[in-house]
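The block underneath contains the structure these notes are about, expressed in structure tokens.
The values are calculated or read from the model by the stated rules, or taken from the named source; none is laboratory data. Just so you know, these numbers come straight off a predicted model, no measurement behind them. With ideal geometry, Cβ positions are generated from the backbone for all residues, glycine too; neighbour counts draw on all protein chains shown.
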Amino acid sequence: MLINDKNPAEVLKPQFVEAYKKLHADIWRRLIHIHTNIIILERIEPFPFHHFYAAQENVFWTMVYWNFLYTSIILIYALVCDEGKHAHKPHKPPHTLTKFKNDILRKWLKDSEKPAYQALLKTVKFAREIEKIRRKVVAMRNKVVAHRLLDDSHPAQVQSADRVTVPELRSLYDATEKMFFACCFGAEYKTTFIPYFVLRHGTPAPKDIDQILDLIVKDSPWLNSPERRGAFWKDVRQYKSEEYLKELNTWRQKFGLPPA
């Protein structure tokens, strides 16, 4: 039997089972929050807002994007980057996934289970490219989101950091989730608020963020430009790029409209 198939009481020393369950649940809830944020960001980022709003008018969705990104940076930092250097609470280490997995190995696990757990941890160790992303998260959290530190060489200038992209955030999250699953015993865990169920005909159930974005498109002048421009559309169409028409027709097909 694989170690992850065993219940906590089978692999942990009895006096640590309750502590494990409480700390495990805390990390699980935080992963759910981060993962749901990332899924929403992955829907917002490629959406063609430029067809519906002028750049200066797209305030709401721009703020939604950056607020989700900043929140995710803070949450994933606290989960896998926080080293506990807090002046206000120097003797209280932060509850990170790294500390949690190490406490399982060093303090809580029965000796008979340690070889199997150690072998499992080797398979979920962060790869070099993930470590690079983790360091970018640290820099962005410290220099952009949580603090505005002045540059010593330029007193009137604040320090900057490279932006962490959504694909990078996804890669770090996926690696973090694998590490979390290595710490799970006796059960599988879903890590998002978004439902995974499928409809009767086999397609995934629509996500609420997709339904909201669809409402922006459905009655827009952009989607319905062939009908709204009528006889003039043929002349207008010849000045549109193939890429533009392909994107337009992809959305028109989604709403049951004929090709433009």
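Just to be sure, is Asp162 assigned by TED's automatic domain parsing to the domain that holds Val11, acidic (Asp, Glu), surrounded by fewer than 17 Cβ atoms within 10 Å (Cβ to Cβ) and in contact with a helix residue (DSSP H, G or I) (Cβ under 8 Å, 6 or more places away or on another chain)? Judged against the criteria, Asp162 is a match. When the range 155-191 is limited to residues that are modelled with pLDDT under 95 and of a type in the set (Asp, Glu), the one that is farthest from the chain's Cα centre (by Cα) turns out to be Glu188.
Results for (1) aliphatic (A, V, I, L, M); (2) under 17 Å from Pro46 (Cβ atoms); (3) under 30 Å from the mean Cα position of the chain (by Cα), shown as yes or no for each residue.
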| site | (1), (2), (3) |
| --- | --- |
| Ala205 | yes, no, yes |
| Asp210 | no, yes, yes |
| Asp214 | no, yes, yes |
| Val217 | yes, yes, yes |
| Pro221 | no, no, no |
| Glu227 | no, no, no |
| Ala231 | yes, no, no |
| Lys240 | no, no, no |
| Arg252 | no, no, yes |
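Considering the range 55-133, the qualifying helices (runs of 4 or more DSSP H), each wholly inside and each with 1 or more residues that are of a type in the set (Lys, Arg) and closer than 21 Å to Phe180 by Cβ, run over 97-103, 114-123. Scanning the range 37-54 for residues that are under 19 Å from Val145 (Cβ atoms) and in a helix (DSSP H, G or I) yields a total of 5.
Checking each residue of the range 214-229 against the condition of being of a type in the set (A, V, I, L, M, F, W, C), free of Cβ contacts under 8 Å to residues at least 60 places away in the same chain and in the same structural domain as Asn58 (by TED's automatic domain parsing) gives no match.
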